[in-house]
Each structure stands twice: as C-alpha cells, then as structure tokens.
Amino acid sequence: MLLREALPDERQRLYELGHREWPKGRSLAEYIEDNQKEEASGTRYVLEGVNREITASLMLLRLRPYLYGIGSVVVEPGFRGQGLGRALLTQCMDKHPAAAFMLYSEIGTAYYEKLGFQALPPAYQHHAHGLCMVRADRFLYERILQEPIPDYF
C-alpha cells in the first residue's frame, strides 16, 4: 500500500465517497463546498492499492505548529475490514513524529484508542455527534488542554 497526496482529479470521487458516509443533511454540492475549504489548509491523503486503486483516504489539517487535525477518514466499502484505515492513519501520523493529533470520532473510542488516542475530558467536548480525541505525548496533551480546542468538525 502506498500513501500519497490525493490528485486534484481524484477529489470529486473522494467527495462522493465522503458524502455517502457523512451527508449531515447536505446536498453533494454543499458537501463539496464545505470540504473544498479544507483543501486550502490541509492535505488530503489516499492509500493506493496494488492495482493503483484508491482504497482509503483522510484529510490532515495543520491546526497549530504542533497539532494536526484528522478528518474524513474513510475506507472504500469493498476494502473494509482489511486494516487499511489503521494503515492510513498510522502512515500519516508517522510523517509527523513529534506532533500531536486530534480527531472527532463518530464511531466510539475503541478503534482510535488502539492507535494511541484518548478522549479529552468532558469539559472539553463540544459536539454532540463526535467525541474529541487526541494522540499526544504528556507535554503536548497538557498544552492542548491549556488552549482553546480547535473546532474544525
């Protein structure tokens, strides 16, 4: 599996995949408009399979010099259950070994806890539909708690 940045001509397909997973009452056009805003401040990565097909993707946003936000983690339906989401997340985080990572989980905590994430305390949770989780060393975790929690969800 090869981790690489998504190409501009692949974005429409990735938007369609994301919209199927998280429409949140938006049309595809509205979903695309919302996600295009992220393209300016982040990097959309894909995991490419042996036949050059895209198997999974995510968005990595630089929120602070030491903190990245992870969003729109999705695995193509035909490739689910093979550990590709985990591989994608791990490879992206390995690109920034000294950084902390934040995400909002809509699938509970167990999956992300296996990757080293922990839920922020209840006082730092601001979304009813997504639990804010962080993967950070002790120093960066404490620093995150001392600053306003980025709201990119």
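Derivation of every value follows stated rules applied to the coordinates shown; laboratory data play no part. The model shown is predicted, which means the values in this text are computed figures rather than measured ones. Heads up, the Cβs are rebuilt from the backbone with ideal geometry, glycines too, and the neighbour counts pull from every protein chain shown.
Can you tell me which of 84, 145, 131, 88 is free of Cβ contacts under 8 Å to residues at least 60 places away in the same chain and buried (at least 16 other Cβ atoms within 10 Å of the Cβ)? Only one candidate qualifies: 131. If you check every pair at least six apart or on different chains, which have Cβ atoms under 7 Å apart with a residue in the range 97-113 that is in a loop (DSSP other than H, G, I, E, B) first and a residue that is of a type outside the set (S, T, N, Q) second? That search, which allows pairs on different chains as well, returns 99/66; 99/67; 99/68; 106/129; 106/130; 109/119; 109/131; 109/133. Looking only at the range 51-104, residues that are out of contact with any Asp or Glu (no Cβ under 9 Å at 6 or more places or on another chain), closer than 23 Å to residue 141 by Cα and basic (Lys, Arg) come to 3 in all. Pairs linking a residue in the range 59-70 that is more than 22 Å from residue 8 (Cβ to Cβ) to a residue that is β-branched (Val, Ile, Thr) and not in a strand (DSSP E or B), with Cβ atoms under 7 Å and 6 or more positions apart or on different chains, are 67/144.
Tally time: how many residues in the range 116-137 are assigned to a loop (DSSP other than H, G, I, E, B), more than 17 Å from the chain's Cα centre (by Cα) and within 12 Å of residue 151 (Cα to Cα)? Full working, then the answer.
Here is the first cut: in the range 116-137, the ones assigned to a loop (DSSP other than H, G, I, E, B) are 116-117, 120-121, 125-130, 136-137.
Right, trim to more than 17 Å from the chain's Cα centre (by Cα) and you get 121, 125-126, 128, 137.
Imposing the further condition that a residue be within 12 Å of residue 151 (Cα to Cα) reduces the set to 125-126.
Qualifying residue count for the region: 2.
For the range 28-65, how many residues are closer than 16 Å to residue 150 by Cβ and within 16 Å of the chain's Cα centre (by Cα)?
Of the residues in that region, 11 qualify.
Among the residues of the range 59-71, count how many are closer than 21 Å to residue 16 by Cβ and either in contact with a Leu (Cβ under 6 Å, 6 or more places away or on another chain) or outside any strand (DSSP E or B) (or both). So the answer is 1. Among the residues making up the range 1-27, those that are in a loop (DSSP other than H, G, I, E, B), over 17 Å from the mean Cα position of the chain (by Cα) and over 24 Å from residue 107 (Cα atoms) are 1, 7.
Looking only at residues in the range 100-116 that are over 15 Å from residue 58 (Cβ atoms) and in contact with a Leu (Cβ under 8 Å, 6 or more places away or on another chain), which one is surrounded by the fewest Cβ atoms within 10 Å (Cβ to Cβ)?
Initial filter on the range 100-116 (over 15 Å from residue 58 (Cβ atoms)): 100, 108-110, 113-114, 116.
Next, from what is left, pick out any that are in contact with a Leu (Cβ under 8 Å, 6 or more places away or on another chain): 100, 108-109.
Details: 100: 20, 108: 10, 109: 13.
Among those residues, the one meeting the criterion is 108.
Of 44, 52, which residue is assigned to a strand (DSSP E or B) and free of Cβ contacts under 8 Å to residues at least 40 places away in the same chain?
Working: 52 fails: assigned to a strand (DSSP E or B).
From the options 44, 52, the qualifying one is 44.
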